[in-house]
Number of protein chains: 4
Amino acid sequence: MNPVSVPAPISGGALAPELLADLAAASRILAAQGVVDGFGHVSMRHPAAPNRYWMSRSLAPALVTADDLLEYDLDSQPCNAGDRKSFLERYIHGEVYKARPDVMAVVHSHSPSVVPFGLVRAKMQAMFHNAAFLAAGVPVFDIRDRFGATDMLVGNTEKGEALAETLGTKDVVLMRAHGSVACGPSLQTTVFRAVYTEVNARIQHWAAALAAGEPLAGLDEEEGVLADSVNQGAGVRAWDLWRAQVRAQAGW
Amino acid sequence: MNPVSVPAPISGGALAPELLADLAAASRILAAQGVVDGFGHVSMRHPAAPNRYWMSRSLAPALVTADDLLEYDLDSQPCNAGDRKSFLERYIHGEVYKARPDVMAVVHSHSPSVVPFGLVRAKMQAMFHNAAFLAAGVPVFDIRDRFGATDMLVGNTEKGEALAETLGTKDVVLMRAHGSVACGPSLQTTVFRAVYTEVNARIQHWAAALAAGEPLAGLDEEEGVLADSVNQGAGVRAWDLWRAQVRAQAGW
Amino acid sequence: MNPVSVPAPISGGALAPELLADLAAASRILAAQGVVDGFGHVSMRHPAAPNRYWMSRSLAPALVTADDLLEYDLDSQPCNAGDRKSFLERYIHGEVYKARPDVMAVVHSHSPSVVPFGLVRAKMQAMFHNAAFLAAGVPVFDIRDRFGATDMLVGNTEKGEALAETLGTKDVVLMRAHGSVACGPSLQTTVFRAVYTEVNARIQHWAAALAAGEPLAGLDEEEGVLADSVNQGAGVRAWDLWRAQVRAQAGW
Amino acid sequence: MNPVSVPAPISGGALAPELLADLAAASRILAAQGVVDGFGHVSMRHPAAPNRYWMSRSLAPALVTADDLLEYDLDSQPCNAGDRKSFLERYIHGEVYKARPDVMAVVHSHSPSVVPFGLVRAKMQAMFHNAAFLAAGVPVFDIRDRFGATDMLVGNTEKGEALAETLGTKDVVLMRAHGSVACGPSLQTTVFRAVYTEVNARIQHWAAALAAGEPLAGLDEEEGVLADSVNQGAGVRAWDLWRAQVRAQAGW
């Protein structure tokens, strides 16, 4: 993955301790909110070096501390891994950052309520204002289309590119028989989106069951744009709560 | 929202510390019971000044303390906010208090089991005696009907008025693609109703799935009136439990 | 309910402290397992005086201690209440004990997964061996049939009698738009049945959804009898776990 | 079960303390993950003596410590039980070890999301890569087919043999109106499979509801083989998390 013959990429510079703490906290928040379990990961683009990003070494999200965070270039090669093992699927992150200069953070997860929407024809829709970012549409990436039978993992540059292409300009992409990816203009908004994609999925399951085939009166695209804009400000209220809960539990 | 050119409304007088503690506890109870998450709010009409109400500054409900509570007039202008930020949707509360002199407390939430009933034709019904207050019917407010495409928030007087109009004389109103509002003759009964609206929603989802299109044998209106009257007394048992849990956790 | 003109019934004798502790623990176990919330109750027939039973004063089940337990005669009149308030629905217990000499304990609850089965034509069935006691059939009591529109509560002798009649020789009876009652030959087995009625309901909801109208391959009556007999012994394993959890939490 | 006239089988040798601790931890992990409740069990083949296995005495899984672990021969006769009671269904374990030399650990459970798949015609499928081990197919064992009406328990050698036969070369077998069995080449992988069988079941319930009768785009067999191979390595990340949680809670 990072052959010894290639020198490790140069660091974009140290991250401020508060940012490292926030990124580690984001990982634990996603675990506490049921978005990730033993698997899944969150990354953050380097604020001062847009061609670098930070994410945890290969570790269960609930266990991540600031010391576990590694820096990568956008080809997902680690700058400072030493003997620490990287996530096989870090290419998801690198390729989304490459394709989407507006994206500052990425979450990859397999939350149980979300996975079903990658397995059926029914489309995920924005069921309530908190999930307004979904109203623009939620594409589904089927790795089989371009790569045939695989181990289902986005474990190299080509697969990451294909995924980023399916994501396009949206905020969330589903992955068939696997999970999903959420992204956004800040770490806080991206965590918010990952959490409310999961909540929205739960709502849509019940709504679809009640509707018995009739359309659901979710947000239309215009409402989605208007509500998402408010969420990007008001969403910090949720981040503040979750961040405080991690602080109370982990002490940082 | 509260332009500097308009003087802040005069306070209706300080609330007793026990009442402030109860209102803050109500906020945490709603979080603990899964009715609110990082969002949602509960308010209480000033018992001595019916044209004033109290609710938290803009803050996640699980974090609210008595010190975060602000007083508002019924136009939802804060009496004593200082530099503390108000909830955008406080107009829900003010306008319900204006339209409904019998209402002493209001809860606004987006609980995942309830949202689906604002997205489909199926009506929420009273599935069991604890939710008797629903047997009178649960109207759905669609902000789009009068205001077209919006950010979905009830963020001004006009929208609050329209919502209160749809609520009418009922105890709960659903908001399309958003959430719901519960109200009642006391803080305790209102919290009870917010909680059991959520529980009832869960029951109705499963009941509807089992019924496969046949009617559900929930409470009829007469049973609803009779059972609700008992609940308003017996419901204190639930409040006492929830209040004790907040006391054990937060110490007040 | 217990008019002053009628002398309180004479006690059947003090209960051993271990039994009082077990009955209070049963109350907390049911709360911890999600069978009861702020409402619901468990009682135990007096082992030495079959025409007396013990249950908590009117109190949320998670808060019950041995000191809250009161003794009743089978007309559900308290022997030793003093100024402590009794549950309105204690008649459920007294009338089941009257009608069923084999029953040594009774649980009344409104668990959300169970209520739906009282609202539809679909019958609750025994989905797995732990719920073998359901294979004999689960009748539904509709208070409306004999009493018309009511507050839905079994709040007097006549209503209790009618409920006990619908229960017949079974172990569980559903109450339309209300909840259910479980009973058994010991406190431990009755708690086991109340818990596994709830678990079974969850399983049946999902099984029914998958089956799409086809029959479910649950236990037949003969399998039910055979498996229930084993459960009455093996079930103590669950009680030992739950009892240990109460002990760890409450210290008794 | 182990008649006094038959001498107890000879031990295959003591297990290393770390292995005993891991096996006891596995039991608690399964409880913490909702795979087992008061019932269910996990066993491990003796690494140095393939005709011996270790599992807990009859005890709720959440309470198991290393001191509760007993050694059995493959006829499920205890080597060292003393007066400690064995699980009635240990024959599941012994007979799977006999029939499947590749299997090093076995879990038996009745998790509520899984049981429905043993009651209907719909087949459990692999909904996402973590459950790749299901893509080879999940057979259903109906004890009634060979043994008629029973207590539903696999409580002797013949029933264990029949179950192992239905399992065949697969990793998971469902048991009608009872539960399931998962197995694998290590304790860690087997626990992983038991947990993700439960998670997969939850995903499939929702996916099936959304699909309304259309096929689900889960993993095909080839994808299943490829993904499972990765999981057997990456799965240790989940084990490390769960093991750390037991360590934090129980101190070992």
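I'd like to verify a number: residues in the range D:98-138 that are under 23 Å from D:Leu219 (Cα atoms), assigned to a helix (DSSP H, G or I) and touching a Leu at 6+ places or on another chain (Cβ under 9 Å), how many?
The qualifying residues number 8.
Can you name the residue in the range C:139-171 that is in contact (Cβ under 8 Å) with a residue 12 or more places away in the chain and touching a Leu at 6+ places or on another chain (Cβ under 6 Å) and is also surrounded by the most Cβ atoms within 10 Å (Cβ to Cβ) among such residues?
Restricting to residues being in contact (Cβ under 8 Å) with a residue 12 or more places away in the chain and touching a Leu at 6+ places or on another chain (Cβ under 6 Å), the top hit is C:Val154.
Against the condition under 30 Å from D:Val154 (Cβ atoms) and within 14 Å of chain B (Cβ to nearest Cβ), how does C:Phe141 come out, does it pass?
no
With D:Val42, D:Val6 as the choices, which residue is under 28 Å from C:Ala32 (Cα atoms) and touching a residue at least 40 places away in the same chain (Cβ under 8 Å)?
When all the criteria are applied, what remains is D:Val42.
Within the range A:150-166, work out how many residues are over 16 Å from A:Arg100 (Cα atoms) and among the β-branched types (Val, Ile, Thr).
The total comes to 2.
Name the single residue that is surrounded by the most Cβ atoms within 10 Å (Cβ to Cβ) among those in the range D:180-214 being more than 9 Å from chain A (Cβ to nearest Cβ) and not in a helix (DSSP H, G or I).
D:Ala182
Residue by residue through the range B:74-87, note down the ones that are out of contact with any helix residue (DSSP H, G or I) (no Cβ under 7 Å at 6 or more places or on another chain) and surrounded by fewer than 21 Cβ atoms within 10 Å (Cβ to Cβ).
Once the filter is applied, which keeps residues that are out of contact with any helix residue (DSSP H, G or I) (no Cβ under 7 Å at 6 or more places or on another chain) and surrounded by fewer than 21 Cβ atoms within 10 Å (Cβ to Cβ), the range B:74-87 yields B:Gln77, B:Pro78, B:Cys79, B:Asn80, B:Ala81, B:Gly82, B:Asp83, B:Arg84, B:Lys85, B:Ser86.
When only residues in the range B:88-103 that are closer than 14 Å to B:Ala194 by Cβ and in contact with a helix residue (DSSP H, G or I) (Cβ under 7 Å, 6 or more places away or on another chain) count, which is surrounded by the fewest Cβ atoms within 10 Å (Cβ to Cβ)?
Checking each candidate, the answer is B:Val103.
Test of understanding: among A:Ala32, A:Ala62, which residue is more than 12 Å from chain D (Cβ to nearest Cβ), among the small types (Gly, Ala, Ser) and in contact (Cβ under 8 Å) with a residue 24 or more places away in the chain?
A:Ala32
Being free of Cβ contacts under 8 Å to residues at least 12 places away in the same chain, more than 9 Å from chain A (Cβ to nearest Cβ) and under 22 Å from D:Ala21 (Cα atoms) is the requirement here; does D:Ala248 meet it?
Answer is yes for this residue.
Do we have any residue at all in the range C:219-227 that's within 9 Å of chain D (Cβ to nearest Cβ), surrounded by fewer than 18 Cβ atoms within 10 Å (Cβ to Cβ), over 26 Å from C:Ala31 (Cβ atoms) and at pLDDT below 95?
No, the range C:219-227 contains no residue that is within 9 Å of chain D (Cβ to nearest Cβ), surrounded by fewer than 18 Cβ atoms within 10 Å (Cβ to Cβ), over 26 Å from C:Ala31 (Cβ atoms) and at pLDDT below 95.
Run down B:Val64, B:Val106 and say which single residue is buried (at least 22 other Cβ atoms within 10 Å of the Cβ), more than 15 Å from the chain's Cα centre (by Cα), closer than 24 Å to B:Met152 by Cβ and of a type in the set (A, V, I, L, M, F, W, C).
The conditions single out B:Val64.
For A:Ala25, only one of the following conditions fails: (1) farther than 28 Å from A:Val199 by Cβ; (2) modelled with pLDDT of 95 or more. What is its number?
Every condition holds for A:Ala25 apart from (1).
Look at A:Ala177 and say whether it is over 25 Å from A:Gly224 (Cα atoms), assigned to a loop (DSSP other than H, G, I, E, B) and modelled with pLDDT of 95 or more.
Against the criterion (over 25 Å from A:Gly224 (Cα atoms), assigned to a loop (DSSP other than H, G, I, E, B) and modelled with pLDDT of 95 or more), A:Ala177 qualifies.
Of B:Asp151, B:Asp102, which residue is over 20 Å from B:Gly224 (Cα atoms) and among the charged types (D, E, K, R)?
Result of the check over B:Asp151, B:Asp102: B:Asp151.
Within the range B:109-138, work out how many residues are more than 12 Å from B:Arg202 (Cα to Cα), of a type outside the set (S, T, N, Q) and within 13 Å of chain A (Cβ to nearest Cβ).
Selection size over the range B:109-138: 7.
Would you point out the residue of the range C:162-178, among those that are under 14 Å from the mean Cα position of the chain (by Cα) and over 15 Å from C:Met124 (Cβ atoms), that is farthest from the other protein chains (Cβ to nearest Cβ)?
Only one residue fits best here, namely C:Ala164.
The values are calculated or read from the model by the stated rules, or taken from the named source; none is laboratory data. Please read all numbers here as calculations on a predicted model, not as lab measurements. Here the Cβ is made from the backbone with ideal geometry for all residues, glycine too, and neighbour counts use every protein chain on show.
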